[in-house]
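The structure under discussion appears below in the form of structure tokens.
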Amino acid sequence: MAQVKVKFDRGVEGATNIVDAGTEGTKVASGTTAQRGSTTGQIRFNTTTGLAEYYTGTSFINLDQAPTVSSVDDTEIDSAGGGNQSLSITGSGFRSGATVTFVGASGTDFNASTVTVNSDTQITAVAPKSSFLNAQEPYGVKVTNVGGLSSTLASQINVDNNPTWTTSAGSLGNVIENISASLSATASDAEGDTIAYSVSSGSLPSGLSLNSSTGAITGTPSAVSSDTTSSFDLRATANGKTSDRSFSIITKDNTITNNLGGGTNYAYYPMSGNANDASGNNRNATANSVTFTDTNQVGQAFGNCMSGGGYLQLPFTRGSGSQFAFAVWFRTTSSADQYFLGDVGGAYNIAFSLHMTSSTNIQAVVDGSGGPTYSTNWTTTSATSSLSDGNWHHLFLKQNGNAWRLYIDNVDLGYNSSTMIQRNGVNNLQLGAYGTGTRFQGQLDNARFFDFSPGVTDGTNLYNAENNMKGI
């Protein structure tokens with residue numbers, strides 16, 4: 001059958017507006033928006049909008065179909081990340097000039113700052129990350145063609161920021177070898193997601209471990225030969241989002257207080273939550289009615305301290321040698337008679353004791369051979385002031401034969417030998433009590449025992465080393 005072509009002429013305008021070429025389709029008039037006519041019912045193709053349109057007599061109506069939105073390539077936005085977020089939107093029926101709107105769950109919407117229609121099935125939309133708000137998630141994605149028809153893919157984009165570290169990068173502080181320590185590094189999450197902590201690189205000091213739920217770093221640092229810095233990165237993870245930060249911890253060498261000039265610690269009780277001996281000599285004590293607490297402690301370096309009005313039953317006597325030394329940190333607000341050290345009572349009632357008789361006086365007592373009791377007293381000076389002022393003080397007592405010497409906060413209160421004798425230890429010692437009688441009414445920490453009499457320099461070094469650690 002022959003092809004039929006029909007030609008319509010409109011004499012009024014003198015233009016050909018329809019040519020029917022069979023399978024080729026029917027071509028209508030085309031032109032820009034500025035070239036529109038004004039005849040009611042006319043149909044034309046608008047080259048400006050890329051859409052067919054007809055005139056109602058009052059306005060032009062586009063002949064179009066609504067787009068469809070199938071997916072968006074990124075469904076989690078880090079709104080605190082800064083900069084812009086580029087999103088690839090797929091679907092169909094996208095037209096040049098289309099707009100993209102992000103529809104908030106609570107009615108707060110905003111448009112993409114730039115929209116590129118790559119094809120009728122893909123759009124690239126760009127918007128500031130900060131425009132996405134937690135309170136409005138999940139966001140829907142709405143594409144609107146120039147004709148006004150639109151389609152929305154609901155509940156597609158959530159706001160999920162990386163965790164934010166609240167602990168500053170750098171040193172978390174110092175810890176002391178063989179002394180219980182507690183540090184921490186923490187982060188927060190804007191969405192309230194649970195945070196998990198891990199070591200992403202480097203390592204913690206030996207003996208310390210990280211609590212993955214809280215960020216607490218606890219344990220007892222292993223011995224070091226010198227001050228040692230451990231550098232590491234911690235990672236905070238919340239709902240798959242991560243944030244790393246670099247930290248360090250210095251493990252302090254405690255050699256100066258473990259080894260004095262005349263020998264080593266006979267026993268050492270740091271009160272790290274228990275009555276164990278940290279000297280390596282395994283002279284563990286037994287705690288009786290003791291509370292181990294960090295309340296009002298000497299300092300972080302010393303961990304917990306002994307409190308509660310209890311005492312430690314020690315597994316040794318004062319010994320049979322002519323030399324002995326004892327050091328301890330103490331804190332009290334009571335001026336009543338109270339014992340730093342004593343035994344459980346011997347043949348002559350008191351084999352040895354050291355107690356505070358008032359806020360300005362300390363007395364040592366030993367039994368004499370055959371029954372007499374000998375004692376000596378030291379009175380504090382203006383340099384040492386009140387012993388019951390609620391501050392931490394350091395006591396250091398040493399014996400060399402009949403000569404006994406006492407230091408408070410490294411202030412020498414002098415030798416007393418005329419009224420004291422050498423008396424062998426008979427019964428095991430108690431730290432913080434004498435027998436079942438008066439106990440120490442405060443807190444004790446970092447108690448050390450020596451089976452020799454350290455020199456003056458040793459005592460000063462001991463005090464300075466530990467005093468410097470108080471603030472760690």
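The values are calculated or read from the model by the stated rules, or taken from the named source; none is laboratory data. Bear in mind that the values here come from a model prediction, so they are computed numbers and not experimental data. Note that each Cβ is placed from the backbone with ideal geometry, even for glycine, and that neighbours are counted across all protein chains shown.
Is it the case, given these coordinates, that Gly425 is surrounded by 15 or more Cβ atoms within 10 Å (Cβ to Cβ), closer than 25 Å to Phe292 by Cα and at pLDDT below 80?
For Gly425, the condition - surrounded by 15 or more Cβ atoms within 10 Å (Cβ to Cβ), closer than 25 Å to Phe292 by Cα and at pLDDT below 80 - is not met.
Restricting to region 154-193, count the residues that are of a type in the set (A, V, I, L, M, F, W, C), within 29 Å of Gly219 (Cα to Cα) and either within 18 Å of the chain's Cα centre (by Cα) or part of a strand (DSSP E or B) (or both).
Number satisfying all stated conditions: 9.
Residue-wise test of (1) under 17 Å from Val146 (Cα atoms); (2) in a strand (DSSP E or B); (3) in contact (Cβ under 8 Å) with a residue 24 or more places away in the chain.
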site: Thr23; (1), (2), (3): no, no, no
site: Ser30; (1), (2), (3): no, yes, no
site: Thr39; (1), (2), (3): no, no, no
site: Phe45; (1), (2), (3): yes, yes, no
site: Thr48; (1), (2), (3): yes, no, no
site: Tyr54; (1), (2), (3): yes, yes, no
site: Gly57; (1), (2), (3): no, no, no
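This table checks each residue for (1) over 16 Å from the mean Cα position of the chain (by Cα); (2) surrounded by 16 or more Cβ atoms within 10 Å (Cβ to Cβ); (3) under 17 Å from Val103 (Cβ atoms).
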| site | (1), (2), (3) |
| --- | --- |
| Pro138 | yes, no, yes |
| Lys142 | yes, yes, yes |
| Asn145 | yes, yes, yes |
| Ser201 | yes, no, no |
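Have a look at Val175, Val146 and point out the one that is assigned by TED's automatic domain parsing to the domain that holds Ser225 and touching a Ser or Thr at 6+ places or on another chain (Cβ under 6 Å).
After ruling out the rest, the residue left standing is Val175.
On the given criteria, is Ser96 out of contact with any helix residue (DSSP H, G or I) (no Cβ under 8 Å at 6 or more places or on another chain) and not assigned by TED's automatic domain parsing to the domain that holds Asp189?
In short, yes.
For region 59-86, enumerate the residues that are buried (at least 16 other Cβ atoms within 10 Å of the Cβ) and either among the β-branched types (Val, Ile, Thr) or without any contact (Cβ under 8 Å) to a residue 60 or more places away in the chain (or both).
Phe60, Val69, Val72, Ile77, Gln85
Applying the selection to region 105-133, what residues are modelled with pLDDT under 95, surrounded by 14 or more Cβ atoms within 10 Å (Cβ to Cβ) and touching a helix residue (DSSP H, G or I) at 6+ places or on another chain (Cβ under 6 Å)?
Answer for region 105-133, where residues must be modelled with pLDDT under 95, surrounded by 14 or more Cβ atoms within 10 Å (Cβ to Cβ) and touching a helix residue (DSSP H, G or I) at 6+ places or on another chain (Cβ under 6 Å): just Ala105.
Tally up the residues in region 432-453 that are crowded, with 24+ Cβ neighbours inside 10 Å and either part of a loop (DSSP other than H, G, I, E, B) or not assigned by TED's automatic domain parsing to the domain that holds Gly280 (or both), please.
Looking only at that region, the number is 3.
Table: residues versus (1) modelled with pLDDT under 90; (2) not assigned by TED's automatic domain parsing to the domain that holds Val199.
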residue: Ser248; (1), (2): no, no
residue: Leu260; (1), (2): yes, yes
residue: Thr264; (1), (2): yes, yes
residue: Met271; (1), (2): yes, yes
residue: Ala278; (1), (2): yes, yes
residue: Asn281; (1), (2): yes, yes
residue: Ala285; (1), (2): no, yes
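Being free of Cβ contacts under 8 Å to residues at least 24 places away in the same chain, among the polar types (S, T, N, Q) and closer than 15 Å to Ser248 by Cα narrows it down to one of Ser209, Ser184, Ser203, so name that one.
Exactly one of Ser209, Ser184, Ser203 is free of Cβ contacts under 8 Å to residues at least 24 places away in the same chain, among the polar types (S, T, N, Q) and closer than 15 Å to Ser248 by Cα, namely Ser209.
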